[in-house]
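Okay, so here's the structure we're looking at.
Every read-out reported here was derived from the displayed coordinates using simple, explicitly stated rules and does not represent laboratory data. Just so it is clear, the model here is predicted, and its values are computed rather than measured. Note: ideal-geometry Cβ built from the backbone for every residue, glycine included; neighbour counts use all protein chains shown.
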Ligand SMILES: Nc1nc2c(c(=O)[nH]1)N[C@H]1C(S)=C(S)[C@@H](COP(=O)(O)OP(=O)(O)OC[C@H]3O[C@@H](n4cnc5c(=O)[nH]c(N)nc54)[C@H](O)[C@@H]3O)O[C@H]1N2
Ligand SMILES: Nc1nc2c(c(=O)[nH]1)N[C@H]1C(S)=C(S)[C@@H](COP(=O)(O)OP(=O)(O)OC[C@H]3O[C@@H](n4cnc5c(=O)[nH]c(N)nc54)[C@H](O)[C@@H]3O)O[C@H]1N2
Ligand SMILES: [Mo]
């Protein structure tokens, strides 16, 4: 195939041979066929390591393989034979590297040596680990206040490393914990507790086998948590209805072939997934959910009139909930015409969905970034909880809420202390167990930490994994702010943009990866993670580390702590030698969750942390599950005139967040390019745009800042009118830092108000190759 941009709409089922081929190809391309295949056999097995790609749990069934195409990609790019050390950095200045694409940076391979930025030559030069820790210690000690440092975490970090990191940072004296979760499922972590008393999902894997209806709202399962497709395929084969709500008809939500089902693959068989595909407008989910609730109230009234069994679970509502009358009044006051206009869905379809929901005595609602990344993302989640509560879908088999988490340990990191708003109970425990007085004042989340950099109050940034600068909004402003810092530290496996946009001093510290053996004084260590269903499991690497100069994240945290707090009475060094000692401390700080941690994690394949709503216990201010309201139907503040479009920034099939594996997006038919926008044909016509033309995008905002991007190729796509989509992180310069969910601070990356016009200068209609 040529390397020119191509657009070739995909009409086959997702999964199947395409996925199997892609798996083999990526292992070959990264030269890890033998090593990679061996590692894949150990992935997600009790004696092996947890897949670094997503947070979907392992099913409790014996299967020889438990991985997916995108897990294989993540592994292949982690286990790659390509390495970059001192010679690589000697050959390229940082300015040169900055001009390269994210894809190129990722392709260079694993980092193998600690590096320090040398401003005189604009190169990263090798340094020793001791020099690196000393530099960090000096900078942190020199600050006027610990609150001038920002300590970022990305969700791949293990429980053990995250726990120690949170102890170190608090012993140093701040709660500044910007976390990838702040850009992701924070509306779940902060919003959902107001409804049901916990910011986690209430569903366990076994519930998928017992459910009578599944909703998937704003989540691209086939790409971002492909192992979940197995549960969907099984459910559909049993005849369970599946309702998908999405502005994009994502291929795997329509038809899917299990890549591990050889008969289906050979016979081109496939399973239809969504029994009802709701082609919602971007930002139309609250309207949709209110429409489904309205149907329920109407059906319930009709049933009562006819003397038939009730549709609402009145017993559950009476015994377990608060605020029912207010919700009822709100829904009754909402007009169908408005619901239809805002959701973009026909009343008839919403009523059909309502009937599916009413007929199911156990429903699961799953959701992803299409729900959370809106200006009122938290309140949309409240509507999901409301809908579930109306039929008592908490605390019974086959039912509940299922936020599909992103990073493999993003949920666990929060549980063990990565939290800018720590609870007083936790801080008291920390004080008791470690004997220091932790700071009580709340710290910065992601948006606040960027603001502190812009304001010049932040001086030091330490990134425990991730690619902060590329994941956050307002890219150019963020770059400038980051460049003014005294010190930036990237603790990472691969080179990324975050290492190139750096402070006056800068360090790149390479780590042992999840798939690699972590050998310490007391022998090979294992770490633990908590998946999206609150199961805690062990992860043991099986491959040899990419270089002898790598260190574990745990060692790096402990040595940073010692260099910064030389007089600390905490025995940091002991934790490096034996990770059991860390788990003992976790058990002491969280006795309700982790008592007997070391014994329990060894005795079984893992254990589940308690989720009180499963027992209909509600840890809320009212002691009940709360029906909560959203004002009106718009989850994003209306701004701009009739030419405003809502832009959703999404992932392609071949990327992992800011890591770009290839420039293809197979299921959406896009090849060799990422600078595209998916657009409804009517919206294109209105703007005199045709397929393959290049367009300019401009954010509509009232803050007086101009945000524009040029040269994005327009692709006609089945999008609802007024809704367009394109890829993150390329489109992040259009996302204002101030455009976020008020309850959680999560940037509204799925609803940027924009104007689109034909590009002023670019050559037109020639860029796209005929497919
Ligand atoms: N292979 C792979 N796996 C991943 C990741 C990855 O990048 N690559 N990232 C990981 C991470 S950190 C996360 S958080 C998850 C992300 O996984 P997802 O939650 O699936 O995230 P996105 O791809 O951003 O897009 C979500 C979906 O929301 C839809 N959508 C957009 N706007 C709206 C809306 O207003 N309403 C509704 N109902 N839908 C909307 C989009 O069309 C898209 O299908 O995946 C994790 N797993
Ligand atoms: N516009 C827009 N912006 C978004 C989103 C969106 O949908 N739209 N999504 C948001 C979401 S959901 C998220 S979660 C964030 C993601 O934000 P981040 O989590 O910060 O970004 P990643 O791209 O996942 O980070 C990749 C880097 O992590 C490092 N890494 C990989 N494995 C390891 C490891 O085992 N240890 C260590 N120490 N480092 C490792 C590698 O160096 C790699 O380059 O982006 C957010 N930003
Ligand atoms: Mo995420």
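What is the stretch 645-770 by shape, rounded, prolate or oblate, if you read a ≥ b ≥ c off the alpha carbon gyration tensor as root eigenvalues and call it rounded for a/c under 1.5, prolate for a/b larger than b/c, and oblate otherwise? In terms of gyration-tensor shape, oblate. Of the Cα atoms belonging to the chain, the radius of gyration and Dmax stand at 25.2, 84 Å. What the pair-distance distribution of the stretch 186-403 shows, using all Cα-Cα distances binned every 5 Å from zero, is 1, 7, 15, 19, 21, 17, 10, 5, 2, 1, 0, 0 percent.
One Cα centroid belongs to the stretch 285-360, the other to the stretch 86-155; the line between them spans 54 Å.
The stretch 504-529 to the stretch 587-608: how many Å between their Cα centroids? Spelled out, the Cα-based centre of one part sits 22 Å from the other. For the stretch 649-709 versus the stretch 548-586, the spacing of their alpha-carbon centroids is 44 Å. Judged by the gyration tensor of its Cα atoms, with axes a ≥ b ≥ c, the stretch 235-343 is prolate; a/c meets the 1.5 cut and a/b is the larger of a/b and b/c. A Förster distance of 25 Å, applied to the separation of the beta-carbon atoms of residue 672 and residue 757, puts the FRET efficiency at 0.50. Ellipsoid fit via the Cα gyration tensor, the stretch 286-370: semi-axes of 21, 16, 14 Å, each the root of five times an eigenvalue, largest first. Highest average first, the peptides 130-136, 728-734 ordered by how many other beta carbon atoms sit within 10 Å of their residues are 728-734, 130-136.
Can you give the calculated 222 nm mean residue ellipticity of the chain, where each DSSP H run of n ≥ 4 adds -39,500 (n - 2.57) and the sum is split over every residue, rounded to the nearest 500 deg cm²/dmol?
Numbers: 33 runs with 281 residues, N = 771.
Taking each H run of at least 4 residues, the total per residue is -10000 deg cm²/dmol.
Packing around the peptides 26-37, 192-203, taken as the average count of other Cβ atoms within 10 Å per residue, puts them in this order, highest first: 192-203, 26-37. In terms of packing, defined here as the mean over residues of other Cβ atoms within 10 angstrom, the peptides 481-487, 368-374, 2-8 line up highest first as 368-374, 481-487, 2-8.
Looking at the P(r) of the stretch 6-79, how many percent of alpha-carbon pairs lie beyond 15 Å? Could the numbers behind the result be given before it?
Numbers: 1534 of 2701 pairs.
Of all Cα-Cα distances in the stretch 6-79, 57 percent exceed 15 Å.
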